[in-house]
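So the structure is just underneath, and the comments pick up after that.
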Amino acid sequence: VSGHRESRCRAGNCTIEATQPGSNITQFGKTLYAAAAPVDVTFVVNSLQTPMVSLTAPSLTNNTAVYGGSFTPVATSTGGGTPTLMVSGPCRLNSDGSVTITAYSQTQCAISATWPQGNGFAQATATLNVTTAPAVLTVTANPQTVVAGQPLPTFTATVTGVAPMDSFPSSFTGTYTV
């Protein structure tokens, strides 16, 4: 290619034209190389910057959340703007932007934040994978005194670790061994 025509390209279509003149060399009375037809190449120049994005859950240890627990993911982008949050797996996105774990067992929940294109930045998405863990349920019998020959008192217990979204019976029946 011995000649070209270009213009400074910004965002949008950019065209470069390449030309090849013929040669003045002849052999047996014929020109060795004829001039080539100009060739245009058009391509798209995208001037959008790619933002740096992150999605974290500072309140979680090792990105692990317990069944019934909630946390608030923190989404940041160098491009600014407000991301759209989405969840998949055993978790629920609440109206306040927090996420509640709905799995009883250990599995994965994925949270993604997508920032729209704007302000010179391209669309970007960040994903946070959270491991879900079962809640620890503890039943502690309240102390009771039993007098020999007397009927058994009503036994009660304190239950801790029940998730806010679960209901729990107020009384239990079963066989007691003293």
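The values are calculated or read from the model by the stated rules, or taken from the named source; none is laboratory data. Just so we're clear, the structure is a prediction, and the values are computed from it rather than from any experiment. Note: ideal-geometry Cβ built from the backbone for every residue, glycine included; neighbour counts use all protein chains shown. When the accessible area is computed, the model is the full protein with side chains, heavy atoms only, and any ligands, DNA or RNA have been set aside. Shrake-Rupley method; radii C 1.70, N 1.55, O 1.52, S 1.80 Å.
Just to be sure before I move on: is Thr158 open to solvent by 40 Å² or more (accessible area, probe 1.4 Å), among the β-branched types (Val, Ile, Thr) and in a strand (DSSP E or B) in the structure I sent?
Considered against the rule, which asks whether it is open to solvent by 40 Å² or more (accessible area, probe 1.4 Å), among the β-branched types (Val, Ile, Thr) and in a strand (DSSP E or B), Thr158 comes out as yes.
Residues of the stretch 46-88 being open to solvent by 40 Å² or more (accessible area, probe 1.4 Å), hydrophobic (A, V, I, L, M, F, W, C) and touching a Cys at 6+ places or on another chain (Cβ under 9 Å), which ones?
In the first step, residues of the stretch 46-88 are kept if they are open to solvent by 40 Å² or more (accessible area, probe 1.4 Å); the result is 46-50, 52-54, 56, 58-59, 61-64, 66, 70, 72, 74, 76, 78, 81-82, 84-88.
Filter once more, so that each one left must be hydrophobic (A, V, I, L, M, F, W, C): 48, 52-53, 66, 74, 85-87.
Listed by number, the list holds a single entry, Val87.
Mind telling me which of the residues Asn142, Asn119 ends up being over 27 Å from Thr160 (Cβ atoms), surrounded by fewer than 17 Cβ atoms within 10 Å (Cβ to Cβ), over 14 Å from the mean Cα position of the chain (by Cα) and modelled with pLDDT under 95?
On the way: Asn142 fails: over 27 Å from Thr160 (Cβ atoms).
After applying the criteria, what remains is Asn119.
One line per residue, one yes/no per condition, for (1) over 30 Å from Ala135 (Cβ atoms); (2) of a type in the set (Val, Ile, Thr); (3) part of a strand (DSSP E or B); (4) modelled with pLDDT of 85 or more:
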{"position": "Glu17", "(1), (2), (3), (4)": "yes, no, yes, no"}
{"position": "Ala37", "(1), (2), (3), (4)": "yes, no, yes, no"}
{"position": "Pro58", "(1), (2), (3), (4)": "no, no, no, yes"}
{"position": "Val87", "(1), (2), (3), (4)": "no, yes, yes, yes"}
{"position": "Gly97", "(1), (2), (3), (4)": "no, no, no, yes"}
{"position": "Ser105", "(1), (2), (3), (4)": "no, no, no, no"}
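Take Thr125 and tell me if it is farther than 30 Å from Pro51 by Cα, within 28 Å of the chain's Cα centre (by Cα), open to solvent by less than 80 Å² (accessible area, probe 1.4 Å) and among the polar types (S, T, N, Q). Write out each step before concluding.
Numbers: farther than 30 Å from Pro51 by Cα: no; within 28 Å of the chain's Cα centre (by Cα): yes; open to solvent by less than 80 Å² (accessible area, probe 1.4 Å): yes; among the polar types (S, T, N, Q): yes.
Here the answer is no, as Thr125 does not meet what is asked.
Would you please list the contacts, defined by Cβ atoms under 9 Å and residues six or more apart or on different chains, that run from a residue in the stretch 37-66 that is over 14 Å from Ser98 (Cα atoms) and in contact (Cβ under 8 Å) with a residue 12 or more places away in the chain to a residue that is of a type in the set (Asp, Glu) and open to solvent by less than 80 Å² (accessible area, probe 1.4 Å)?
Pro38/Glu17; Val39/Glu17; Asp40/Glu17; Val41/Glu17
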